[in-house]
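Trainee: For reference, the structure I am asking about is given below.
The values are calculated or read from the model by the stated rules, or taken from the named source; none is laboratory data. A quick note: this is a predicted structure, and the numbers were derived from the prediction, not measured. Cβ coordinates were reconstructed from backbone atoms using ideal geometry, including for glycine residues, and neighbour counts include every protein chain displayed.
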Amino acid sequence: MVIFSQRPHSSIHAQEALDAALAGTAFAEVSLLFLGDGVLQLLYEPINATPQHRKAFQRGFAALTDYEITNIACCADAFNRFRLPEQKLIIQPKLLTPSDISHRITHSRQILSF
Amino acid sequence: MNFALSIQGSPYDSACHWSALRFAEAVLEAGHSIHRIFFYHDAVLIGSNLQAPPQDEVDLTRSWQALSSQHHLDLCLCIASCLRRGIINQTEATRFEKPAENLHIGFTITGLGQLIEAALVTDRLVTFRG
């Protein structure tokens, strides 16, 4: 499981989380979990809105299904706190309660957290 | 138990390298094994052979190399992190037409797959952040 917990352009971690997820598919089944500020990565971002010092890596989310990454979930509390509009999401995640999240983390073979 | 370590903090800005080094020593002393040590993000700066810390301070690069030589540890640096920070071996220096290489002996530049493989084949992946 790869956990995304950083907002999109605050650091390189968000970009590297996606790299790790895609690389991980060569070894095992990969799932994604967006927590806290990380849920902001789910928002579609127009190309010209990307800061110049950052790569517009979020377009890579569109390739997830090509890599057979379909298990994508996010924290429902964070999702609702940011009032993310569903029509502006890059991908549709499954919304999880804190106990769902705890269950998933407990039952994951390995977790890479970014 | 078989361990893998992921080290992510800058060598001399944070305590994470020192903590990881002491952890690795303790793990080996207790009879466990370490499959791989993976340096990621700013931690790859440890692989430069151009560092010259003051003589009365710990030389972390040499400390890792000494531990690696003694226990045959696999010291891997993330290639994407390395290239962004100017840590390159001869192959990359040639590929990117750079005037020199600076990878310290004992370290290897590898892909992110080495971290994932290590996470899957070991009992514990322990991460040290800055």
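Trainee: Hey, could you check the range B:102-123 for residues that are more than 17 Å from the chain's Cα centre (by Cα) and surrounded by fewer than 17 Cβ atoms within 10 Å (Cβ to Cβ) and say which is modelled with the lowest pLDDT? Talk me through it step by step, then tell me what you get.
Mentor: The first filter runs over the range B:102-123 and keeps only residues more than 17 Å from the chain's Cα centre (by Cα), leaving B:120-123.
Then keep just the ones that are surrounded by fewer than 17 Cβ atoms within 10 Å (Cβ to Cβ); that gives B:120-121, B:123.
Working: B:Leu120: 92, B:Val121: 95, B:Asp123: 95.
Residue satisfying both the conditions and the ranking: B:Leu120.
Quick grid of which residues meet (1) more than 15 Å from the chain's Cα centre (by Cα); (2) within 14 Å of chain B (Cβ to nearest Cβ); (3) polar (S, T, N, Q):
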{"residue": "A:Leu22", "(1), (2), (3)": "no, yes, no"}
{"residue": "A:Phe27", "(1), (2), (3)": "yes, yes, no"}
{"residue": "A:Leu32", "(1), (2), (3)": "no, no, no"}
{"residue": "A:Cys74", "(1), (2), (3)": "no, no, no"}
{"residue": "A:Ile90", "(1), (2), (3)": "no, no, no"}
{"residue": "A:Pro98", "(1), (2), (3)": "yes, no, no"}
{"residue": "A:Arg109", "(1), (2), (3)": "yes, yes, no"}
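Trainee: Taking the condition more than 14 Å from chain B (Cβ to nearest Cβ) and in contact with a Ser or Thr (Cβ under 7 Å, 6 or more places away or on another chain), does A:Glu68 pass? Can you show your working first?
Mentor: Details: more than 14 Å from chain B (Cβ to nearest Cβ): yes; in contact with a Ser or Thr (Cβ under 7 Å, 6 or more places away or on another chain): yes.
Yes; evaluated as a whole, the condition is true for this residue.
Trainee: Looking at (1) surrounded by 17 or more Cβ atoms within 10 Å (Cβ to Cβ); (2) in a helix (DSSP H, G or I), which is the only condition A:Leu32 fails?
Mentor: (2)
Trainee: If you go through the range B:22-30 one residue at a time, do you hit one that is surrounded by 16 or more Cβ atoms within 10 Å (Cβ to Cβ), at pLDDT 95 or above, in contact with a helix residue (DSSP H, G or I) (Cβ under 8 Å, 6 or more places away or on another chain) and in a helix (DSSP H, G or I)?
Mentor: yes
Trainee: As an exercise: evaluate B:Val126 against (1) closer than 25 Å to A:Val30 by Cβ; (2) buried (at least 19 other Cβ atoms within 10 Å of the Cβ); (3) within 15 Å of the chain's Cα centre (by Cα); (4) of a type outside the set (D, E, K, R) and give the number of the one condition it does not meet.
Mentor: (2)
Residues checked against (1) within 19 Å of A:Glu16 (Cβ to Cβ); (2) in a loop (DSSP other than H, G, I, E, B):
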site: A:Glu45; (1), (2): yes, yes
site: A:Lys55; (1), (2): yes, yes
site: A:Arg59; (1), (2): yes, no
site: A:Ala63; (1), (2): yes, no
site: A:Asp66; (1), (2): no, no
site: A:Ala73; (1), (2): no, no
site: A:Ile101; (1), (2): no, no
site: A:Arg104; (1), (2): no, no
site: A:Gln110; (1), (2): yes, yes
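Trainee: What residue, among those in the range B:69-97 that are part of a loop (DSSP other than H, G, I, E, B) and in contact (Cβ under 8 Å) with a residue 12 or more places away in the chain, is surrounded by the most Cβ atoms within 10 Å (Cβ to Cβ)? Step through it out loud before you land on a result.
Mentor: Within the range B:69-97, the subset part of a loop (DSSP other than H, G, I, E, B) is B:72-74, B:86-89, B:96-97.
With in contact (Cβ under 8 Å) with a residue 12 or more places away in the chain added as a condition, the list becomes B:73-74, B:86-89, B:96.
Numbers: B:Leu73: 20, B:Asp74: 16, B:Gly86: 13, B:Ile87: 26, B:Ile88: 22, B:Asn89: 19, B:Phe96: 9.
Checked the range B:69-97; the qualifying residue surrounded by the most Cβ atoms within 10 Å (Cβ to Cβ) is B:Ile87.
Trainee: Would you mention how many residues in the range B:44-54 are more than 15 Å from B:Gly106 (Cβ to Cβ) and within 14 Å of chain A (Cβ to nearest Cβ)?
Mentor: 0
Trainee: For the range B:31-53, state whether one or more residues are β-branched (Val, Ile, Thr) and either assigned to a loop (DSSP other than H, G, I, E, B) or surrounded by fewer than 22 Cβ atoms within 10 Å (Cβ to Cβ) (or both).
Mentor: Going residue by residue through the range B:31-53, those that are β-branched (Val, Ile, Thr) are B:34, B:37, B:44, B:46.
Subset that is either assigned to a loop (DSSP other than H, G, I, E, B) or surrounded by fewer than 22 Cβ atoms within 10 Å (Cβ to Cβ) (or both): none.
No - not one qualifying residue is present in the range B:31-53.
Trainee: Return only the number of the condition from (1) at pLDDT below 95; (2) loosely packed, with under 12 Cβ neighbours inside 10 Å that A:Ser99 does not satisfy.
Mentor: It is condition (1) that A:Ser99 fails.
Trainee: Considering only the range A:48-64, I want to know if a residue exists there that is within 14 Å of another protein chain (Cβ to nearest Cβ), surrounded by 15 or more Cβ atoms within 10 Å (Cβ to Cβ), in contact (Cβ under 8 Å) with a residue 24 or more places away in the chain and among the basic types (Lys, Arg).
Mentor: Yes: the range A:48-64 contains one or more residues that are within 14 Å of another protein chain (Cβ to nearest Cβ), surrounded by 15 or more Cβ atoms within 10 Å (Cβ to Cβ), in contact (Cβ under 8 Å) with a residue 24 or more places away in the chain and among the basic types (Lys, Arg).
Trainee: Would you please list the contacts, defined by Cβ atoms under 8 Å and residues six or more apart or on different chains, that run from a residue in the range B:102-113 that is within 12 Å of chain A (Cβ to nearest Cβ) to a residue that is acidic (Asp, Glu)?
Mentor: These pairs meet every condition: B:Leu112/A:Asp19.
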